[in-house]
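K.L.:
Here it is, the structure in full.
The values are calculated or read from the model by the stated rules, or taken from the named source; none is laboratory data. What you are looking at is a predicted structure, and each value in this text was computed from that prediction instead of being measured. Cβ: placed from backbone, ideal geometry, glycine included. Neighbour counts: every protein chain shown.
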């Protein structure tokens, strides 16, 4: 799996190019690829040894999950040295709002779900998402995700997720939950 890093990160950069949250973090089209690569590389490096990244076709579709107790997406020196201060400020503001909206009890967190645009329509995203859902169910814990893309809310509902809460600032976001 560590050998798939480049493909996984490239797929996520492409998949999230128009995502409201990633564009909030990195609004400039010219620097989006560079900064999104740093961001997704950081998430990959943080989770790969936890064995909670599932892929199809070596990264054409990717689900990055965090098990309970694995630690949140707090900032660290890696991001602070490679991303501009304004992006870090937006990241911090979003995660403060999210932390206030997610459940207090333990849960599996679907941090990232993305499919490279060239592989869309094959239901691979659903397949990699299902692996993490099985782990959550086996542990008897709910699964939680957040999306700031209104187009994703209905897609997640069709996959069995329910809106648990919302917040509006720094951008409209739905916290969704699926019980195991």
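K.L.:
Within the stretch 126-147, does at least one residue satisfy the condition of being under 21 Å from residue 15 (Cα atoms), free of Cβ contacts under 8 Å to residues at least 60 places away in the same chain and surrounded by fewer than 20 Cβ atoms within 10 Å (Cβ to Cβ)?
P.N.:
Among the residues of the stretch 126-147, at least one is under 21 Å from residue 15 (Cα atoms), free of Cβ contacts under 8 Å to residues at least 60 places away in the same chain and surrounded by fewer than 20 Cβ atoms within 10 Å (Cβ to Cβ), which makes the answer yes.
K.L.:
Looking at (1) under 13 Å from the mean Cα position of the chain (by Cα); (2) free of Cβ contacts under 8 Å to residues at least 60 places away in the same chain, which one does residue 40 not meet, given that it meets all the others?
P.N.:
Result: residue 40 fails condition (2) only.
K.L.:
Can you go through 49, 82 and tell me which one is modelled with pLDDT under 95 and in contact with a helix residue (DSSP H, G or I) (Cβ under 6 Å, 6 or more places away or on another chain)?
P.N.:
From the options 49, 82, the qualifying one is 82.
K.L.:
Among what's in the stretch 79-112 and is part of a loop (DSSP other than H, G, I, E, B) and crowded, with 19+ Cβ neighbours inside 10 Å, pick the residue that is farthest from the chain's Cα centre (by Cα).
P.N.:
83
K.L.:
Every residue in the stretch 113-145 that is touching a helix residue (DSSP H, G or I) at 6+ places or on another chain (Cβ under 6 Å) and not in a loop (DSSP other than H, G, I, E, B), please.
P.N.:
113, 114, 115, 117, 143
K.L.:
With the condition kept exactly as written, say whether any residue in the stretch 65-78 is out of contact with any strand residue (DSSP E or B) (no Cβ under 9 Å at 6 or more places or on another chain), assigned to a helix (DSSP H, G or I) and either touching a residue at least 24 places away in the same chain (Cβ under 8 Å) or surrounded by 13 or more Cβ atoms within 10 Å (Cβ to Cβ) (or both).
P.N.:
Yes.
K.L.:
Got a number for residues in the stretch 156-175 being over 16 Å from residue 94 (Cβ atoms) and touching a strand residue (DSSP E or B) at 6+ places or on another chain (Cβ under 9 Å)?
P.N.:
8
K.L.:
Report the residue count in the stretch 1-30 for those that are part of a loop (DSSP other than H, G, I, E, B), more than 13 Å from residue 114 (Cα to Cα) and touching a residue at least 40 places away in the same chain (Cβ under 8 Å).
P.N.:
Residues meeting the conditions: 2.
K.L.:
Let me ask something else about it. Looking only at the stretch 45-62, filter to residues that are in contact with a strand residue (DSSP E or B) (Cβ under 7 Å, 6 or more places away or on another chain) and not in a loop (DSSP other than H, G, I, E, B); which one of those is surrounded by the most Cβ atoms within 10 Å (Cβ to Cβ)?
P.N.:
Filtering the stretch 45-62 for residues that are in contact with a strand residue (DSSP E or B) (Cβ under 7 Å, 6 or more places away or on another chain) and not in a loop (DSSP other than H, G, I, E, B), the one surrounded by the most Cβ atoms within 10 Å (Cβ to Cβ) comes out as 62.
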